[in-house]
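Below you'll find the structure, written out as C-alpha cells, and then a few comments.
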Amino acid sequence: MEEVKTFELTREFADSLKQAIEQGNNDFIIQSLNGVNSADITETLEEFTTDESKHILNLLDTQIAAEVISGLEEDTRKRFLRVFEPEEIAGYIDYIDSDDAADILNEVAPKAREEVISSIESSEKAEHIVDLMRYDEDVAGGIMAKELIKANINWTVEQTTEEIRNQAENVTKIFSVYVVDDQNKLLGIVSLKKMLLARRGTLIKDIYEEDVISVKTYDEEEEVVAIMKKYDLEAVPVVNMQNKLMGRITIDDIVDVMTEQAEEERQLMAGISEDVEEDDSVWMLTRARIPWLVIGLVGSFFGAEVIGLFENEIAVIPIMASFIPLITATGGNVAIQSSSIVVQTLANKSAFRDSAIRRLIKVILVALLNGILLALLAFAISYFRRGDLDVSIIVATALTCVVILASLSGTITPIILDKMGINPAAASGPFITTVNDILGLAVYFTVAYLLF
C-alpha cells in the first residue's frame, strides 16, 4: 500500500514546481507529487495557470487526476476544462462518481458536452449522467449519485454478496444495501452486518428492515440536509413519485451542500450579493459588493435628513450630537443579534413550534430587559462624564426604545423575507443595520423633542 505523504503547500514548493514545468523536468514533478493526497494536489493547482495545471495532470495517474479535477473550485474548473478535448474530459469522468460528473458536464459548453457524453466508455454511466442532468442542482435529484448497491427482495445473501463484488469498482462507499422489488420500488435496507451473520441460503426478505428513511427527487437540498442531520444518516436513498429507487445521497455530498449554504449566508450577511472568491476579477468583486454599498449610502442620506429635521434641537443642546454613534451602533448590533438567531432558527423548521404571539412576547421581554440594563449603564456613564441630568435621561430613554424596536425589526424582517422566498440571511447584513440607523436616529431625536 502506497504511503500518503504529509503535505503542506508552501510558496517554495509551488515555485519549484513552476520551475520544473518551465524546464520540462517531469521526473521532479512526478517524484514531488507521488503519494500526495489528491485534495492537496487540488489545492496546489489553484495557484497555477490552466496550462501549467494541465501539464501536471497529464503526468499523474488518471484516477488521481480525476479526483483532482473533481475537487477544483467551480470557477477554476470552468476555465480549466476549456483547454481539454472532449475525449480527455470523458477519460477522467470514467473515474468520477455520476453526481460529480454531472456537475462537471454542466460547466462544459453544450456542444462539447454532447461530445464528452458520446466519448464516455461506459454506456451505463453515460445514461446515469444524462439522467442526473435533468434535475435542478438544488434538489435531491441534482445532488444524488446513481452508484449504489441494491438487492432484489427474493435474492439470497450469496447473490447479493456477488452483486457487491461486481459493483465494488463503481461503488467506493457501501453503507448498506437497498432492497427493491421486481419493479425497482424501494422496500427497505439490509445492513452488511446482518448479511455477514446470516446463514448460507438466507433470503434477503427474511433479514431486511422495512423502515427506511428516503427522500424524493424533487425535495429541496435544505430538506435533505435537515433529514440527514436529524436522523444522523451516512447515506439516504432517493426515490421518484412511484417510490422507485433512483439513487442515493451520501454524507460527503451533504457536507458540500452545507458548506455552500454557510458560505452563501456568510456573504449575504456581509453584504455580498454574489458567490465570489478573493482571486476573482476586479469587476466581479466590485459587482458583488456595490449593490449593498449603494443601499447603505442611500440609507445614510436618509439618516442625514433625519438629523437635519432636528437641527434646532441640536443647536440648543450640541452635546446631543455626540451620542448619535452610541444610538446607531447599539441599534444595529441588537438588530443583527436578533436576526441572526431567527435565521438560525428558520434553518431548523421544527424549532418554530411556539405561536407567533408567544415568540413576539418573548422577543419584547428580552429586548426590554436588555434595553433597561443598557440604558442604566448609558445613564451612569453619561451623567458621570457630562453631569447633565436632562441629556442623560434622554439618552437612556431613547436607548431603551431603540433596543426594543431594533429587536422587533431584527426578528420580523428575516421571517418576512423567508415567507417571500428570499434568503433570510440577507436581513442580517447591511440592510438591517441601515434601516436601524435611520430608525434609531428618528427615535433618539423624537424622544429628545418630547422630553424637552
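The values are calculated or read from the model by the stated rules, or taken from the named source; none is laboratory data. Since we're looking at a predicted model, the values are computed, not measured. All Cβ positions, even for glycine, are placed from backbone atoms using ideal geometry, and neighbour counts span all protein chains on display.
When only residues in the stretch 109-127 that are assigned to a loop (DSSP other than H, G, I, E, B) and either out of contact with any helix residue (DSSP H, G or I) (no Cβ under 6 Å at 6 or more places or on another chain) or assigned by TED's automatic domain parsing to the domain that holds MET241 (or both) count, which is nearest to MET241 (Cα to Cα)?
SER122
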When the stretch 190-204 is checked residue by residue, the ones that are under 39 Å from the mean Cα position of the chain (by Cα) and of a type in the set (A, V, I, L, M) are VAL190, LEU192, MET195, LEU196, ILE204
* Determine whether the stretch 135-157 contains at least one residue that is surrounded by fewer than 20 Cβ atoms within 10 Å (Cβ to Cβ), assigned by TED's automatic domain parsing to the domain that holds GLU221, part of a helix (DSSP H, G or I) and in contact with a Ser or Thr (Cβ under 9 Å, 6 or more places away or on another chain). => no
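Pull up the stretch 201-243, narrow it to residues that are of a type in the set (A, V, I, L, M, F, W, C) and in contact (Cβ under 8 Å) with a residue 60 or more places away in the chain, then point me to the one that is surrounded by the most Cβ atoms within 10 Å (Cβ to Cβ). Walk me through how you get there before you give the answer.
From the stretch 201-243, those of a type in the set (A, V, I, L, M, F, W, C) are 203-204, 207, 212-213, 215, 224-228, 233, 235-236, 238-239, 241; that's our starting set.
Filter once more, keeping what is in contact (Cβ under 8 Å) with a residue 60 or more places away in the chain: 215, 224, 226, 235, 238.
Details: VAL215: 22, VAL224: 23, ALA226: 16, ALA235: 20, VAL238: 27.
Looking at the filtered set, the residue picked out is VAL238.
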ILE30 being at pLDDT 85 or above, closer than 25 Å to SER119 by Cα and in the same structural domain as GLU124 (by TED's automatic domain parsing) = no
Only one of (1) surrounded by fewer than 19 Cβ atoms within 10 Å (Cβ to Cβ); (2) farther than 30 Å from VAL239 by Cβ does not apply to PHE80, and that is (1)
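Considering only the stretch 101-121, how many residues are surrounded by fewer than 18 Cβ atoms within 10 Å (Cβ to Cβ) and in contact with an Asp or Glu (Cβ under 9 Å, 6 or more places away or on another chain)? Give the steps one after another, and end with the answer.
Within the stretch 101-121, the subset surrounded by fewer than 18 Cβ atoms within 10 Å (Cβ to Cβ) is 106-107, 109-112, 114-115, 118-119, 121.
After this cut, where a residue has to be in contact with an Asp or Glu (Cβ under 9 Å, 6 or more places away or on another chain) as well, the list is 106-107, 112, 115, 119, 121.
Final tally of qualifying residues: 6.
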- Task: May I ask you to verify whether VAL130 is under 30 Å from THR76 (Cα atoms) and either among the hydrophobic types (A, V, I, L, M, F, W, C) or not assigned by TED's automatic domain parsing to the domain that holds MET228 (or both)?
- Result: yes
Residue hits (the stretch 59-75; at pLDDT below 90, out of contact with any helix residue (DSSP H, G or I) (no Cβ under 8 Å at 6 or more places or on another chain) and either within 18 Å of LEU17 (Cβ to Cβ) or not in a helix (DSSP H, G or I) (or both)) are GLU73
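Among the residues of the stretch 7-54, write down those that are within 32 Å of the chain's Cα centre (by Cα) and in a loop (DSSP other than H, G, I, E, B). Walk me through how you get there before you give the answer.
Step one: filter the stretch 7-54 for residues within 32 Å of the chain's Cα centre (by Cα), giving 7-11, 13-14, 33, 35-54.
Of everything in the stretch 7-54, those that are within 32 Å of the chain's Cα centre (by Cα) and in a loop (DSSP other than H, G, I, E, B) turn out to be PHE7, GLU8, LEU9, THR10, GLY35, VAL36, ASN37, GLU46, GLU47, PHE48, THR49.
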Taking the stretch 168-200 and keeping only residues that are in a loop (DSSP other than H, G, I, E, B), free of Cβ contacts under 8 Å to residues at least 24 places away in the same chain and in contact with a strand residue (DSSP E or B) (Cβ under 9 Å, 6 or more places away or on another chain), one is left with SER191
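Does the stretch 397-418 contain at least one residue that is assigned to a helix (DSSP H, G or I), among the small types (Gly, Ala, Ser) and without any contact (Cβ under 8 Å) to a residue 40 or more places away in the chain?
Within the stretch 397-418, the subset assigned to a helix (DSSP H, G or I) is 397-418.
Those left that are additionally among the small types (Gly, Ala, Ser): 398, 406-407, 409-410.
Imposing the further condition that a residue be without any contact (Cβ under 8 Å) to a residue 40 or more places away in the chain reduces the set to none.
Within the stretch 397-418, none of the residues are assigned to a helix (DSSP H, G or I), among the small types (Gly, Ala, Ser) and without any contact (Cβ under 8 Å) to a residue 40 or more places away in the chain.
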Right, GLY371: modelled with pLDDT under 85 and assigned by TED's automatic domain parsing to the domain that holds LEU297 or not? no
